[in-house]
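Presented below is the structure to which this report refers.
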Amino acid sequence: MNIPEVDYLLTLINIIMNLLFLDTETTSIHEPHLVQLGYIHSDGSKCSKLFKPPVSIEEGASKVTGIYDKDVEDAPAFIGSDEYNFLNNTIKDSIFIAHNAKFDIGVLKRYDLIVQDYICTMKIARYLFPMEKDHKLTSLFQSFGCSIPDSDEVKAHDALGDILMMREVLRYMTMEYMNTSNVSLQETITFF
């Protein structure tokens, strides 16, 4: 199967299955509150937005994300936002996809957004590529030789940038699994 056929089938599956690619940037690793949300849903909805958390952003988190308290002081609260309402209405019927999904699921749970079905790209990468030096999203993206077409700037630890990288990493792993295991796309989806 050539690449355009795989892309076409993945697009159809994306539409049929209500996929929700999502990433959060937070105030800290422990007791995390949402600072930035990014998502792309199969219905075409897309978000990359800052939110004002109820607590200060820890210095370590700011160093990783580049988001400081001053950057969110005029941002809206997450609860009650259009983005919150969208997720509240779609998350239960969507297949949630994230890198280190349990972390993002925990952040969303803090806001009473409960994920039913999910795919963790980090878990898949650890299983399919155990010999990688690490399974961080940026490391996998580089190691797999992925690129993002038509993207001006993709920044690590930016919610939308991470989603764009994650989609390409998932696409790569899907194709690799199909090719090395000699299985169909349907069998690959069932595996994931």
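Could you go through the stretch 93-108 and let me know if any residue there is open to solvent by 90 Å² or more (accessible area, probe 1.4 Å) and at pLDDT below 95. Scanning the stretch 93-108 turns up at least one residue that is open to solvent by 90 Å² or more (accessible area, probe 1.4 Å) and at pLDDT below 95. The helices (runs of 4 or more DSSP H) falling completely within the stretch 76-162 that include 1 or more residues that are within 22 Å of residue 175 (Cβ to Cβ) map to 101-110, 121-128, 137-143. Across the stretch 37-75, the qualifying residues are those that are assigned to a loop (DSSP other than H, G, I, E, B) and among the β-branched types (Val, Ile, Thr), and the one among them that is nearest to residue 25 (Cα to Cα) is 67.
Listed by first and then second residue, the pairs linking a residue in the stretch 171-182 that is of a type in the set (A, V, I, L, M, F, W, C) to a residue that is modelled with pLDDT under 85, with Cβ atoms under 8 Å apart and 6 or more places separating them unless they lie on different chains, are 175/3; 175/6; 178/1; 178/6; 178/184; 178/185; 178/188.
Of the set (1) among the aliphatic types (A, V, I, L, M); (2) surrounded by fewer than 18 Cβ atoms within 10 Å (Cβ to Cβ); (3) out of contact with any His (no Cβ under 9 Å at 6 or more places or on another chain); (4) at pLDDT 95 or above, all apply to residue 55 but (3).
Results for (1) closer than 19 Å to residue 23 by Cα; (2) modelled with pLDDT of 85 or more; (3) open to solvent by less than 40 Å² (accessible area, probe 1.4 Å), shown as yes or no for each residue.
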residue: 150; (1), (2), (3): no, no, no
residue: 154; (1), (2), (3): yes, no, no
residue: 159; (1), (2), (3): yes, yes, yes
residue: 164; (1), (2), (3): yes, yes, yes
residue: 168; (1), (2), (3): yes, yes, yes
residue: 171; (1), (2), (3): yes, yes, no
residue: 176; (1), (2), (3): no, yes, no
residue: 185; (1), (2), (3): no, no, yes
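Out of 35, 72, one residue alone is more than 20 Å from residue 136 (Cβ to Cβ) and of a type outside the set (Asp, Glu). It is 72.
The values are calculated or read from the model by the stated rules, or taken from the named source; none is laboratory data. Just so we're clear, the structure is a prediction, and the values are computed from it rather than from any experiment. Please note: Cβ atoms are built from the backbone with ideal geometry, for glycine as well, and neighbour counts cover all protein chains shown. Surface areas here come from the heavy atoms of the whole protein model, side chains and all, with no ligands, DNA or RNA. Shrake-Rupley method; radii C 1.70, N 1.55, O 1.52, S 1.80 Å.
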